[in-house]
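Okay, so here's the structure we're looking at.
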Amino acid sequence: MTAHGGRPARGAALFDLDGTLVDTNYLHTLAWWQALRQHGHTVPMARIHHAIGMGSDRLLDAVLGSDRRKAEDESISDAHSTLYAVWYDVLPPFEAAADLLRAVAARGWQVVLASSAAEEEAAAIRRRLDAEDVIAAATSGGDVETTKPAPDLVESALRAVGADPADAVFVGDTVWDVEAAGRAGVPCVGLTTGGTSARELEDAGAVVVYEDPRTLLRHLDSSPLSRPPS
């Protein structure tokens, strides 16, 4: 976990990374598909894509079943990490993603990154985002034992800036983001950038859904991120 010093504000704007700020969900799908094939598992990409956003242990539960050979989990995860790392230098931020973070910070929110990604993967995304000047704190999958859709990462992100759930908003792109935020008592704004439909996000509990960061930025004044709690 990383955090900047200073007196924390009450309001916390929590952002997922993969699929929310950077267009990586399909790269992760491909890397997991290749890693699984290396270990003798042929899994439809659609099933893998549906599980993107979970931590690796939960993702493997979802795509292979809980009765799988768990002794190979670490090897599969390592293979995924190696395959995905090829893309580190070209990971594409969504249009206006950094502008969105800066606009949210300018309104008085503390911007917190709350991702299930491994620390090295999260660092690669942050380099591509180039918005370090407004990021107050960040969590990664390594900060908790239980990843999304469990609420642990969201709760860890709140603790990092001393915010209460009632004073926070989460922005994510998967049903697992929405579920994790909901379990932590934090409303979730959904984005369809990760390949999950607006209907699916709304059914999971998203309070509002936008197409992408640029659209959220354009409608920021009428969104749950218009202003932090007083």
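The values are calculated or read from the model by the stated rules, or taken from the named source; none is laboratory data. Remember, it's a predicted structure, so these values are computed and weren't measured experimentally. Heads up, the Cβs are rebuilt from the backbone with ideal geometry, glycines too, and the neighbour counts pull from every protein chain shown. These accessible areas exclude ligands, DNA and RNA; they are computed on the full protein's heavy atoms, side chains included. Shrake-Rupley method; radii C 1.70, N 1.55, O 1.52, S 1.80 Å.
Cα-based radius of gyration for the stretch 63-102, normalised by 2.2 N^0.38 Å, reads 1.82.
The HN-Hα couplings worked out from phi for the stretch 210-221 by the Karplus form 6.51 cos²θ - 1.76 cosθ + 1.60 (θ = phi - 60°) are 10, 5, 6, x, 4, 5, 4, 4, 5, 10, 4, 5 Hz, whole numbers, x standing for Gly and Pro.
Using only alpha-carbon positions, what ratio does the radius of gyration of the stretch 44-115 give when scaled by 2.2 N^0.38 Å? Each step should come with its number before you reach the end.
On the way: Rg = 16.8 Å, N = 72, 2.2 N^0.38 = 11.2 Å.
Taking N as the residue count of the stretch 44-115, the ratio is 1.50.
About its Cα centre, how strong a charge dipole does the chain have in debye, to the nearest 20, once Lys and Arg get +1 and Asp and Glu get -1 at the Cβ?
Working: 20 positive and 34 negative charges, 67 e Å.
That gives a dipole near 320 debye.
Per residue, how much accessible surface does the chain expose to a 1.4 Å probe? Answer in Å², no decimals. All intermediate terms of the calculation are to be shown ahead of the outcome.
Values: 10060 Å² over 230 residues.
With the other protein chains kept in place, the chain gives 44 Å² per residue.
With the largest listed first and rounded to whole Å, the semi-axes of the equivalent ellipsoid of the stretch 151-198 from the Cα gyration tensor are 20, 9, 8. Counting only protein heavy atoms and using a 1.4 Å probe, the accessible area of Phe94 comes to about 30 Å². For the stretch 1-101, taking the reciprocal of the average inverse distance between every pair of different Cα atoms yields a Kirkwood hydrodynamic radius of 15.4 Å. Projected onto their three principal axes, the Cα atoms of the stretch 57-204 cover extents of 49, 34, 30 Å, largest first. Rounded, prolate or oblate for the stretch 118-229? Axes are the square roots of the Cα gyration tensor eigenvalues, ordered a ≥ b ≥ c, and the cut-off for rounded is a/c under 1.5. Note, shape of the stretch 118-229 comes out rounded.
The figure for Met45 is an accessible area of roughly 80 square angstrom, using a 1.4 Å probe on the protein chains alone.
How long are the semi-axes of the equivalent ellipsoid of the stretch 98-173, taking √(5λ) for every eigenvalue λ of the Cα gyration tensor, in whole Å from largest down? Please report the intermediate quantities before stating the final value.
On the way: eigenvalues 72, 56, 18 Å².
The answer is 19, 17, 10 Å, longest axis first.
Taking the 1.4 Å solvent-accessible surface of the stretch 75-230 as the whole, the part contributed by carbon and sulfur is 46%.
Taking the Cα centre of the stretch 77-168 as reference, the dipole from Cβ charges on Lys and Arg (+1) and Asp and Glu (-1) amounts to some 240 debye. For the stretch 187-230, the share of alpha carbon pairs falling in successive 5 Å distance bins from zero is 5, 25, 29, 23, 13, 4, 1 percent.
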